[in-house]
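For reference, the structure is listed below as C-alpha cells.
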Amino acid sequence: MSNQETFLNKPIKETDPQVSSIIKKEIDRMSHGLEMIPSENVVSLAVLNALGSVFTNKYSEGYPRKRYYGGNENADEVEALAIERAKKLFGVPHANVQPYSGSPANMAVYFAVCNPGDTVMGQNLPDGGHLTHGWKVNFSAKFYKSVPYHVKPNGCIDIDEVRKLAHENKPKLIWCGATAYVREFPFEELGKIADEVGAYFAADVAHISGLIIGGAHKSPVPYADIITTTTHKTLRGPRGAMILVTEKGLKKDPELADKIDRAVFPGLQGGPHDHQTSAIAVALGEAMKPDFKEYAHQIVKNCKALAASLMKHGLKLVSDGTDNHMILIDLTAYGKGGGIFVQEALDHANITLNKNTIPADPSSPFYPSGVRLGTPATTTRGLKEKEMELIGEWVAKVVKEVCSKYKLPEDKTQIKEYLAKFRSEIKSNSTIAEVKGNVLELCKKFPLYKTLVY
Ligand SMILES: *Cc1c(COP(=O)(O)O)cnc(C)c1O
C-alpha cells in the first residue's frame, strides 16, 4: 500500500481514535456548558478551516517578499492580506501579525524599545494587570525594573499615582491594559503622562480589541505609540497576537515599525505560524462585516444585563458594574479566599468562570476573594439579555449556597483536607444539580458547531 492510503489521507478517527475521542469530548463539554471565562470565545468554522490548513507545513522566516526560504508566494499573499485588514480595521500605518501569542507580542515590545535594566510601568497583577506588564516572577520584572501602579477601591486606575510614579521613576515604557478590569481604560490620560516623561506608551488591548473594532470601547489609536492584542479573545480569531504601530508612535520614533518587526523576527521568533496567520486573516475579515459591530455591542449589553441581575440577586461587584465584557464578583462579604469554592461549584453546574483577585484582595492570588466572568463566548452563541438575567440568578444562587457553607481555613496546613471534603460534598449538592439542569436546557436551545466531524 502506498503512503497515500496508509497515512496521508485518512481521517483522525481512523488513524488516532484516542485523540479523536478526546477532541469529541471537548466539543461535548463546550456544547453542554456556558463558557463565561472572559478571555475565551468560540471561533467560526471558517477560522477553524484556515487554522487546520496546509499552511502548517510551511516555513516562512522573514516577512512578505523578504523570506529566507522558497515557495512562499501564497504565505506572502495571506500574511499581506492579514496585515492590510489589521491596518484598515484599527486605522494604523503598521501591523505585525506574526507573534505566536499575546505574551510573546509584549516581549517583542520590550525588546524593541527597552534595554535590559530600563524602568517600565504597568498595572499591578493583583490589581488586574497582566503578568507581562512587570509582575515579579515574569521576564518583564526580571529583565527590567518594574514599577507597578494600582487601582483605587472603586476599581479604576489611580491616575494621580501613575503620574507621581512616572515623574519619580522616568520609565522608558508605560503599559495600559489588563486581564481583570471592568471600566473603560483612560488611554488619553496615560498617553499624556507618557509624553510628559518621554516614555513610549503601549496599550495592550488583548481583551477588548473586538470591542474597539466594533465601536463598543474607546480606541487607544490617537493616544498610544504601540498597541498589542491577542487575536483569540473578543476579536474571535485563532490563538495569536498582533503588534500595531500608530501614527503617533511613528512621529515619536520614525524607526519604531522596523524596531518592532526586527524584535519579533529575528529577535525573538523563528518561522511564523502561517496557518495561524491565515486564520487571523479570516477573523479580521469577519470583523470587517457589519454583523461584528452588532456582536461587539451585544457583548456589552449582555454583560450589563448580567451585572444587573447578579446585583439584583444580592451580590457585590467590583466597581458596582461594568463598561465592557467582564465582571468581577467581590466575595469578601462571605470571608476571604472564596473564589475557589465558586469556581469549582459552578464547574459542576456546567458554568465555566475563573477565580480572580479583586482590588486590595485580603487573600492571595492562589486563593483569591473574587471570581471573573464575562460574555464574549455566550454572546457568540446567541444568548441575549433575557438569558443573562437567568444566568445571573443561577450564579448568585450557587455563590450563596457554597460561600455560606464553606470558608477557606485560616491555617494553611488545613486547606488541602478542607478542599477535599468540599469537593466530595458538592458532587451531591442539590442546588448545584438544579442549576446544572437549567444550564443543560438552555444550552440545548443554543447549539454550537453542527458540522464538525471527528
Ligand atoms: C490574555 C492577555 C495577554 C496574553 O496572552 P497569551 O496569548 O495568553 O500569552 C496579554 N495581555 C493581556 C492584557 C491579556 O489579557
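Every read-out reported here was derived from the displayed coordinates using simple, explicitly stated rules and does not represent laboratory data. Keep in mind the model is a prediction, meaning the values are calculated, not measured. A quick note on method: Cβ atoms are made from the backbone with ideal geometry, for glycine too, and the neighbour counts reach across all protein chains shown.
As a quick test, which of the pairs Lys427/Lys450; Lys400/Lys436; Lys170/Lys251 have an alpha carbon distance above 24 angstrom in this structure?
Values: Lys427/Lys450 31 Å; Lys400/Lys436 16 Å; Lys170/Lys251 20 Å.
Long pairs (Cα-Cα over 24 Å): Lys427/Lys450.
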**Contour excess over end-to-end distance, with Cα ends at His297 and Arg29 and 0.36 nm allotted per residue** = 93.8 nm
**Prompt:** How high is the FRET efficiency from Asn169 to Leu250, r the C-beta distance, R0 41 Å, rounded to 0.05?
**Reply:** 0.95
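Would you please calculate the Kirkwood hydrodynamic radius of the range 54-287 over all C-alpha pairs and express it in Å, rounded to one decimal? Intermediate values should be presented prior to the final figure.
Details: mean 1/r = 0.0566 Å⁻¹.
So the Kirkwood estimate lands at 17.7 Å.
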**Message:** I'm checking a number: the convex hull volume of the Cα atoms of the range 291-445, normalised per residue, in Å³. What is it?
**Reply:** 100
**Complete:** Along principal axes, largest first, the alpha-carbon spread of the chain in whole Å comes out as 72, 62, 45
**Rounded FRET efficiency, nearest 0.05, which uses the C-beta distance separating Ser424 from Glu40 and R0 of 25 Å** = 0.30
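Quick one: which of Lys355/Lys407; Lys142/Lys416; Lys172/Lys259 span more than 22 angstrom between C-alpha atoms?
Beyond 22 Å between Cα atoms: Lys142/Lys416.
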**Asked** Could you give the length gained on full extension between Glu385 and Lys13, defined as 0.36 nm per residue of separation minus the Cα-Cα distance, in nm?
**Response** 130.0 nm
**Fill in**
Contour minus Cα-Cα span, Ala360 to Asn74, at 0.36 nm per residue, comes to 97.9 nm
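Determine, from the Cβ-Cβ distance of Lys400 and Arg65 and an R0 of 60 Å, the FRET efficiency 1/(1 + (r/R0)^6), rounded to the nearest 0.05.
Details: r = 60 Å, r/R0 = 1.01.
Calculated value: 0.50.
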**Prompt:** Among 417-424, 131-138, how do they line up from the highest to the lowest mean number of other beta-carbon atoms within 10 Å?
**Reply:** 131-138, 417-424
